[in-house]
Every structure is written in structure tokens, then in C-alpha cells.
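Only one structure is covered here, and it is reproduced in the block below.
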Amino acid sequence: MSTLQQLTVLDAKRFGVFACHGNTTLQEAAQRMVEEDVSALVVLDVDGYLEGILTHTDLVRAATMAASWRTEPASAFMSRDVVTATAGESLAEVARQLLDHCIHRVVVVREENGRQRPIAVIASSDIVYHLVRE
């Protein structure tokens, strides 16, 4: 059995959840991405539940569409349809989701009161990391 089938997403996660809120300005979000050396931030609502995801690509789109992009809220340019996984899913299942949706990361969530609380992010780079260690 390969590492992708053996490891669950929680076994494989290497970093925490880097996040912002929907009212965070794009300037602040971009600064956080640079400081943390990440390519996306999970966007949380006021209660800490998943609201969306903001990526480098979203920032580039904002900068080309709005002269005042720096002051726009993250919620204006984030993706609301976030591909998610649960803690028990295997890396193989996550890899299929990445390929099926042509994305670079999934947000791992825990269901709470019918809502999704982000607990990790698994990126394609995490999968490659574990492939090398196989």
C-alpha cells in the first residue's frame, strides 16, 4: 500500500491553518501571505467557520480589476465554493480531488453544528513532500 493510501490528511498535514476574515483588506491578506510564505488564506466568518479561500490568483485578479484593490475586503475576491476534506480521508482521496477540480489545495474541516470549522489545509506540495519520503 502506498503512502498516499496509508496516510490520512491529519497525518500528512505539515502546517497550521493560515486565515483571515472576510473584512480583512486585500493589502493585509497579501502581506500575511508574504510573511507566512503561503499561497492562500482560509477566510473565516466571525465565529471561525469556513467562509471561503483567498489565493495568490485571487489577489492578481483583484489587482487587474480594481485600482483600489488594496482596500477591498477579502470577501469581495475570495472563492466561496471551497473544496473540502475530512480528517479521516486518505492523501490518495485528496490527490484525486486536487486533480478533479484543477486546484492546488483543499481545506480540511470538522463539522460543528451544521457548519465547517477549518482544522488544516493540504496542498499539492504536501503530497509531493510525502511522495519523496515514501
Ser68 and Asn23 label points (each 7 Å along its Cα→Cβ direction) are spaced in nm at 1.7 nm
Folded to 0 to 90 degrees: helix 124-133 orientation relative to the chain principal axis, Cα: 30 degrees
If one computes the Cα centroid of region 7-65 and of region 79-97, what distance in Å separates the two points? 16 Å
Which peptide among 30-39, 121-130 comes first, and what is the full order, when sorted by highest mean count of other Cβ atoms within 10 Å? 121-130, 30-39
Helix 56-65 sits off the longest principal axis of the Cα atoms of the chain, rounded to the nearest 10 on a 0 to 90 degree scale, by 20 degrees
Treat every Asp and Glu Cβ in region 3-133 as -1 and every Lys and Arg Cβ as +1, leave all other atoms uncharged, and give the resulting dipole magnitude about the Cα centre to the nearest 20 debye. 200 debye
For region 78-93, what does the Karplus curve 6.51 cos²θ - 1.76 cosθ + 1.60, with θ = phi - 60°, yield as ³J(HN,Hα) per residue in whole Hz, taken in order and with x for Gly and Pro? 6, 8, 8, 8, 8, 7, 10, 9, 9, 4, x, 5, 7, 4, 4, 5
For the ranges 99-107, 73-81, what's the packing order if you count other beta-carbon atoms within 10 Å of each residue, average per peptide, and put the highest first? 73-81, 99-107
Gain in span if fully extended, Ala76 to Cys102, counting 0.36 nm per residue against the direct Cα distance: 7.2 nm
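If you count the DSSP beta bridges with both ends in the chain, what percent of them are antiparallel, to the nearest 5? If you can, show how the numbers build up before the last one.
Details: 16 of 22 bridges.
The antiparallel proportion sits near 75 percent.
Here, each number is a calculation from the coordinates, and none is a lab measurement. What you are looking at is a predicted structure, and each value in this text was computed from that prediction instead of being measured. As a convention, Cβ positions derive from the backbone with ideal geometry for all residues, glycine included, and neighbour counts pool all protein chains shown.
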